[in-house]
Amino acid sequence: MSAALSFKNPEALLAYAEKVKKYRQQRTMEIRVCAGPGCIARGGREIFSAIKATIEKNKKELKKKNLEVGVKFEAKCTGCHGLCEAGPVVTFEPSKLFYSKVKIKDAEEIVEKTVLNDEIIKRLLFKSCDSRGGDLIKKYTDIRFYALQTKVALRNVGVVDPSNLDDFIAEDGFKAFVKALTEMSPDDVIEEIEKSGLRGRGGAGFSTGKKWRSAKRVKQDRVWIICNGDEGDPGAFMDRAIMEGDPYSVIEGLLIGAYALGATDGFIYVRHEYPLAVKHLQMAINTLEKAGLLGKNILGTGMTFNLKISRGGGAFVCGESSALMRSLEGKVGEPRAKYIRSVEKGLLDQPTVLNNVETFTCVPAIIDKGSSWFASIGPKSSTGTKAFSLVGKVKNTGLVEVPMGRTLREIIFDIGGGIIDDRPFKAVQTGGPSGGCLPVDKLDLPVDFDTLSRAGAMMGSGGMIVMDDRTCMVDIADYFIRFLIGESCGKCVPCREGLRQVHELLDRIIRGDGELDDLKKIDRLCHTMEVASLCALGKSAPYPVTSTIKYFRDEYMAHIEEKKCPAGVCKSLVKYDINKDCIGCLICKKQCPVDAISGENKKLHVIDQDKCIVCGICYEVCPVDTVDIISGGEIVNRRELEVVNP
Amino acid sequence: MNSETKTKASKKKAAVLKSDTNGKLDQIFDLYPREEDSLIMILQEVQDRLNWLPPEALDRVADELNVPRARVQGVATFYRAFSLEPRGEKVIKVCLGTACHVRGAQILVDELERRLDLKVSHGCTKDGRFSLETVNCVGACAMAPAIVVNENYYANVKPDKLDKMLKKEQQS
Ligand SMILES: Cc1cc2nc3c(=O)[nH]c(=O)nc-3n(C[C@H](O)[C@H](O)[C@H](O)COP(=O)(O)O)c2cc1C
Ligand code: FES
Ligand code: FES
C-alpha cells in the first residue's frame, strides 16, 4: 500500500494489519513464482519478469474478467516452494494449482490460458513419482511431498514476497512481537520459550529458553543477540531459504529475543556464499528502520534495538559460536575452549546470546500460538518441527519440514519419493561434517535430537543427504575429512594433525594399498581427536569415519582385502568398459578428454585402457547406459534387482 | 616478447594497478569505523572492487585501520572468501558440497581443470577470463551438481553441459 510506512505505536501496527487484510480479501487470484535457491538457478527470476510483462500487456483483458491487477489479482516472486526438483515452480492461490518445470516461453500461455480462461496446461502439471503410477497432479496439496509436511519455521517461505512488508503483515507478521510487547513481560517471554521445549536448530540442540535465561542472569549492562546464518554444513540450505524467502520472520524472532533479553544491539552473521540473503535481509532492515520497528523507540515504547548484518568470511569453523564472535570482532575465527561460556563472556567479552536462523524463526510462532501448541508437536524431548534439506540420490529433492519424531523412512521414501532410478538405498547422512551415515536398518528410527545422536549420527542443522549403491562409503568418509582439513582453524594439534593422518590412511585404502591394521590406527586417531580437540569441530570430526566403519565395515574390507570398490567410485580400483549394447552414438567418443575411445557411427565403441584416465565422463554421458564400471573383476554399477527397496 | 619488454610491461601493469588500487579504495575507509573490528568488512569491500587482494591494498588497509600488517595478512589468509592471487574476470565456482559430491561434482572439477588448463584456486586463464574455485555448498543442493559463475547459477550440470556453459560465459 503506502510506501513510507511508520508506526507510532503497537495499536497503529495492528490497525494497519487489519486494513491490509481487509484490502487483500478482495484478491481472487494470486500467482506465486518461485525464486528460491533451486528455481533461481533454472531461471525463476526471468520467468517472473516474463509473467509480469504478459500481465502488463493483458491489463485490460484482465480487468474485463474481473481480475484487476493489484486489487483482485497479483503475481509475486517468492522464496522456495519446497519441491525444488520440480522447479521452476509456479503456483496459484486459492486454487492451489501447481506448475512444475516452467520455462520462460510458457509465461504467455500461463497468463492467457490459466489466468484468463481457467484452463489448465497439462504439460506443466507435476508427475508423481510414487510407485503407484505417474499420475498428473493438479494441486500441490495433493502431492504427497507436501501433504505429509507441517510448516512452522518455513510457514511464510514460498508464500510471501520477501521484499514486501505488507505481504508479511498480511500473514500475521509482527503479531507475536506486538503481543510480547503489550501483553507479556520479558520474563514471561523467556518462560514461554522455555515451556515450549524449543531446542536450538543449529546443531547442538541446546534449550533456547535456558540459554536466554542464563544470559539474563549475568549482571551486565549490555547483552548482545546474534543470529547464526553461517550455514556451513555442505548439503544444507534451510537457513538460506528462510533468510532469502522470509527475512521478516527472522527479524521478528530477533526482536522478541531482544525484548526478552533487554538487548539493544544485534547481528545477523550471514554466510559469504549467500549474497541474496544479505540483500533481502538488508532490504527488510531498511524498511523496518523507517517503519519504526527497528532502531530507537520501537513502536513508541522506548525499546531500542539496532540490527546489523555481518557477511561471513567463508570459513566453516566460524559457524561455531566462539569463532563466530571472534570473526565479528574482525579477527581470525579461532574457537576457544568451552569452559568460558558465551552467555557470560561472548562478543567483546560481554554476555551474548547466539541462536540459529531457524531457531529465531520458530520464536514468533511460539509466542503467537502458545508454548503448549508447540510442545504438543513431536516427542517430549524434541518438540516442534524441523526443516531439512532433502538432497542427494532422492527423487523429490527439496526443502521439507516435518514434526520431530517422524522416521527417516517417512522422510526419504514417503516425502522424498524414494531413490532416483529406484536403485537400492545405501545410507543417509545427517549432521554435516559432525554427523554420520546411517544404513538401511536404521530407517525406522524417529528423527529427533537424542535418537540420532545415539545412533552415531547427529541432527545437525538439517542437511539430509541420501546415498544409493553408487556412493562409496570410504570415499564419503574421506570426503568429510578432506573438507575438515580445509576448514580446521589449525589451532589445536589433535584436530590439525589427526585429520591429516586419518586422511593419509583413508587415502591408502582408497588407492588399494590399505592394510587391515589401518582400521585400528584410524580408530585410535579418531578416539584421540574426539577427547582432545579444542572445539566441537575436531571433537565431532571423527563421526563420519567412525559411523561408516561401524555400519559399512564390509565396504572397507572390500577395498582392503579384495582391492575392490563395490560402488565403483574409487579411481585406482575401477576401470570402465563399453558393453555390447552400445548403439554407437559417438557421444562418449566426443566427450572423452584424452581420446581414449575409438569407434564409428552405429558401431561398438571401445575404450583404450592404456589411454583411459578413469575420469568417468563416458559413464555420465552415455544415453543408453552401456558403460560398465568394473572393480575387483566384477561389473559393479548394474543394480542388483534382488535388492528391492524397503 | 623478450625479457626486457616483459619486465617493462609488468612494471607498467604494477604501476597501473597501484594508482588504480588507490583510487578505487578511497571511499571504502569512510564506510566503517577505522578500527580493527572493521577489518573483515573492509577487506570484503576491497575485494568486491578489485576482485582480489593485492599486497599494496593490504598495506593500505593496515595503515588506514592502524592494525599490524601481519594481522591483516593473517585474516586475509584465514578466510576462504579472500583471494591473494589475481582472479579472472569470471570466477567459476564448482560446488563440492556433500549433495554435489555424491552426484559427481569431482568429475566436473577435473574436467574444467583440463579444459581451462588451470588448477583450482591458482591463477587464471591466459586471456584473464576465468579462474576456477571450489566451494562447499552454494545452497542449490537440490539442483546438484551446481556451478556458479559470478552470479549465474548452473544446475544439474553434466560433463557434456560444460561446453555450452563455457561458451555462454566466454561471450557474455
Ligand atoms: C564447527 C561448527 C560449525 C557450526 N556451524 C553452524 C552453522 O553453520 N549454523 C548454526 O546455526 N550453528 C552452527 N554451529 C553451532 C553453533 O556453535 C551454535 O551452537 C548454534 O548456532 C547455537 O544456536 P542454536 O542454539 O539456536 O542452535 C556450529 C558448530 C560447530 C562446532
Ligand atoms: S527453489 Fe523453487 S521450489 Fe525450491
Ligand atoms: S552441496 Fe552443492 S549446492 Fe549444496
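Values in this text are rule-based calculations from the coordinates and carry no lab data. Since the model is a prediction, treat every value here as computed from it, not as a measurement. Methodologically, a virtual Cβ is constructed for each residue, glycine included, from the backbone with ideal geometry; neighbour enumeration extends over all protein chains shown.
Would the range A:8-79 count as rounded, prolate or oblate if I go by the C-alpha gyration tensor, calling it rounded below 1.5 in a/c and otherwise prolate when a/b exceeds b/c, oblate otherwise? Verdict is oblate for the range A:8-79. Toward the positive end of the charge dipole of the protein assembly as shown, with +1 on the Cβ of Lys and Arg and -1 on the Cβ of Asp and Glu, the farthest Cα among A:G456, A:L276, A:G200 is that of A:L276.
What net charge do the residues around B:N66 carry, taking every other residue with its C-beta under 14 Å from that of B:N66, with Lys and Arg at +1 and Asp and Glu at -1? The partial results should precede the final answer.
Working: positive: B:R34, B:R60, B:R69, B:R71; negative: B:E35, B:E36, B:D37, B:D59, B:D63, B:E64.
Counting the neighbours of B:N66, the net charge comes to -2.
A DSSP coil position with no more than 14 other Cβ atoms inside 10 Å describes the following trypsin sites (Lys or Arg not before Pro) in the range A:69-125: A:K96, A:K103.
Taking Cβ atoms as reference points and 13 Å as the exclusive limit, the residues near A:K105 contribute a net charge of -2, counting Lys and Arg as +1 and Asp and Glu as -1. Summary value for the range A:385-468: 38 percent relative contact order, contacts being C-alpha pairs under 8 angstrom separated by 6+ residues. For the range A:165-375, what class follows from the C-alpha gyration tensor (a ≥ b ≥ c being the square roots of its eigenvalues): rounded when a/c is under 1.5, otherwise prolate if a/b is larger than b/c, else oblate? In terms of gyration-tensor shape, rounded.
Neighbour counts of other C-beta atoms within 10 Å: give me A:F305, A:F360 arranged from fewest to most. Don't jump to the answer; show the numbers that get you there.
Details: A:F305 22, A:F360 28.
Going from sparsest to densest Cβ surroundings: A:F305, A:F360.
In this model, which of A:K57/A:K103; A:K571/B:K93; A:K219/A:K331; A:K426/A:K602; A:K380/A:K550; A:K101/A:K139 are farther than 25 Å apart at the alpha-carbon? Cα-Cα > 25 Å for A:K219/A:K331; A:K426/A:K602; A:K380/A:K550; rest within.
Just to confirm the filter: which GluC sites (Glu not before Pro) across the range B:104-164 are DSSP coil and have at most 13 other Cβ within 10 angstrom of their Cβ? Numbers along the way, then the final one.
Values: sites: B:E111, B:E113, B:E133, B:E151; in loops: B:E151.
Qualifying residues, ordered by number: B:E151.
Using a simple charge model, +1 on the beta-carbon of Lys and Arg, -1 on the beta-carbon of Asp and Glu, nothing else, what dipole does the protein assembly as shown show about its Cα centre, in debye to the nearest 20?
1200
The overall shape of the protein assembly as shown is rounded: from the C-alpha gyration tensor, with semi-axes ordered a ≥ b ≥ c, the ratio a/c is less than 1.5.
Measuring between alpha carbons in the structure, the pairs from A:K151/A:K195; A:K127/A:K563; A:K127/B:K158; A:K589/B:K168; A:K386/B:K168 lying more than 32 angstrom apart are A:K127/A:K563; A:K386/B:K168. Charge tally around A:L116: other residues with Cβ under 12 Å, Lys/Arg +1 each, Asp/Glu -1 each, net +1.
What dipole magnitude, in Debye to the nearest 20, does the range A:574-636 give about its Cα centre under +1 on Lys/Arg Cβ and -1 on Asp/Glu Cβ?
Result for the range A:574-636 is approximately 220 debye, rounded to the nearest 20.
Please state the relative contact order of chain A as a whole percent: Cα pairs under 8 Å, 6+ residues apart?
On the way: 1327 pairs, mean separation 73.3, N = 646.
Once normalised by length, the contact order is 11 percent.
What is the fewest-to-most order of A:H503, A:H527, B:H101, A:H81 by other Cβ atoms lying within 10 Å of their Cβ? Could you put the intermediate results ahead of the total?
Values: A:H503 18, A:H527 13, B:H101 25, A:H81 32.
The order, fewest Cβ neighbours first, is A:H527, A:H503, B:H101, A:H81.
Near the amide H of B:N136, within less than 5 Å, lie the amide hydrogens of B:L96, all on another chain or at least 5 residues away, with H placed in the peptide plane. Look at the dipole of the range A:22-147 built from charges on Cβ: of A:G87, A:I104, A:T54, the Cα furthest out on the positive end belongs to A:T54.
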